[in-house]
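Below is one structure, written out as structure tokens; comments come after it.
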Amino acid sequence: MNIPKAVPSSFIGSARSLESIGVADPTWTLETARLLVDAVRGGPLAILGGDIYLDCEGRVDTADCGWYCERHSGESFNLYAARSQARAADYLAADNLSRSGCEALVGFVMSDEPTAGL
């Protein structure tokens, strides 16, 4: 599980690995993911996209939904990071991301490298 250095240390301990089902990116509960996006707002972290997973009584599967944010030609890393953070916040604000009896998990594709999204 690769977590960029720009992710606040207070979120690292709550990251959940889904490597057992082939997911290399770190995941967080939906509520923690929303807090994480708020915490990195304005900082040097691009959220290239993400996927939603559902943990239903210990069985984790993809929810077959997610988002991505492509970097525009000539766009600076800082502008891309800010736009990608806003896109993630908008997506995670939706009310339809979880299902009854299941916990929604969010897997982020993130980067603090200036070449992210190129």
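Values in this text are rule-based calculations from the coordinates and carry no lab data. All of these numbers come straight from a predicted model, not from anything done at the bench. Glycine also receives a Cβ, built like all others from the backbone with ideal geometry; neighbour counts cover every protein chain displayed.
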Which of the residues that make up the stretch 18-36 are surrounded by fewer than 16 Cβ atoms within 10 Å (Cβ to Cβ) and more than 13 Å from the chain's Cα centre (by Cα)? Glu19, Ser20, Ile21, Gly22
Determine whether Tyr68 is in contact (Cβ under 8 Å) with a residue 12 or more places away in the chain, in contact with an Asp or Glu (Cβ under 8 Å, 6 or more places away or on another chain) and within 20 Å of Met1 (Cα to Cα). no
